[in-house]
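> Quick one: the structure is below, and I'll ask about it shortly.
The values are calculated or read from the model by the stated rules, or taken from the named source; none is laboratory data. Since we're looking at a predicted model, the values are computed, not measured. When we count neighbours, we look across all protein chains shown, and the Cβ atoms used for this are built from the backbone with ideal geometry, even at glycine. Keep in mind that these areas ignore ligands, DNA and RNA; they rest on the heavy atoms of the full protein, side chains included. Shrake-Rupley method; radii C 1.70, N 1.55, O 1.52, S 1.80 Å.
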Amino acid sequence: MEGAKLIIEEINREAELKIKYILEEAKKKAEELRKEAEKRAKAKAEWIIRKAQTQAELEKQRIIASAKLEVRRKKLALQEELINEVLEALKERLTSISEEEYLEVLKELIIQGIEELGEEKVIVASNKETLALLEKHLDDIKKEAKERLGKDIEIGIGTPIETIGGVVIYNSDGSIRIDNTFEARMERFQSDLRSRIAKTLFG
């Protein structure tokens, strides 16, 4: 009986040791699994954070680009508004100047045109009212042209054209023309004005 008891005790000890070993291994495995799970969870969390940061940066860039585009659109609209205001004020000014002042402007435009053409015989065209004014003061215009250009210039009066003012100067056969009408001058001025306003608005 004593021998059997010892055998049973030995078996129990071995069983306890085995159980303890199994529990320790299970605990160790569980800890490994926990750490692995934490590691995966951390990696996933970091990936989620990185993805969120990337999306946030993209959204930030989109908002900035959209804001810049809106600012540029408003500046362009302001540019056009300013140009139109200046041109309207200029047109109003040109159509309301006195006859004496208008005649001086016409002389300047005609002499500029003659200089550009480099001709001694030219034809001047404009609207009916302007042509009548030029015809009335043609001798004075020729005299001033001679004084400034140093030679006699033959100036002929052409046919009426549609314009608010100013003149078109042709060479004798009409093959070359200098458009110094108010509309053409304003168009050229508009291009320069657009550049100057754009420089102010956009740098």
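> Which one is nearest to I141 (Cα to Cα) among residues in the range 156-203 that are in a helix (DSSP H, G or I) and among the hydroxyl-bearing types (S, T, Y)?
Filtering the range 156-203 for residues that are in a helix (DSSP H, G or I) and among the hydroxyl-bearing types (S, T, Y), the one nearest to I141 (Cα to Cα) comes out as S191.
> Okay, moving on. List the pairs whose first member sits in the range 118-139 and is farther than 19 Å from I153 by Cα, whose second member is open to solvent by 100 Å² or more (accessible area, probe 1.4 Å) and assigned to a loop (DSSP other than H, G, I, E, B), and whose Cβ atoms are under 9 Å apart, counting only residues at least 6 apart or on separate chains?
N127/E162
> Hey, does the range 166-181 have a residue that's touching a residue at least 40 places away in the same chain (Cβ under 8 Å), under 40 Å from the mean Cα position of the chain (by Cα), more than 30 Å from L69 (Cβ to Cβ) and open to solvent by 70 Å² or more (accessible area, probe 1.4 Å)?
Within the range 166-181, one or more residues are touching a residue at least 40 places away in the same chain (Cβ under 8 Å), under 40 Å from the mean Cα position of the chain (by Cα), more than 30 Å from L69 (Cβ to Cβ) and open to solvent by 70 Å² or more (accessible area, probe 1.4 Å).
> Looking at the range 135-146, which of the residues that are farther than 18 Å from E116 by Cβ and in a helix (DSSP H, G or I) is least open to solvent (accessible area, probe 1.4 Å)?
Of everything passing the filter in the range 135-146, L138 is least open to solvent (accessible area, probe 1.4 Å).
> Which residue, of L117, L134, L82, L109, is aliphatic (A, V, I, L, M), in the same structural domain as Y170 (by the TED database) and under 19 Å from Q190 (Cα atoms)?
L109
> What about E99, is it more than 24 Å from R196 (Cβ to Cβ), exposed (fewer than 14 other Cβ atoms within 10 Å of the Cβ) and not small (G, A, S)?
yes
> Let me ask something else about it. Which pairs do you get when a residue that is assigned to a helix (DSSP H, G or I), found in the range 85-97, comes within reach of a residue that is among the polar types (S, T, N, Q) and surrounded by 10 or more Cβ atoms within 10 Å (Cβ to Cβ), reach meaning Cβ atoms under 7 angstrom, with the pair 6+ apart or on two chains?
L87/Q190
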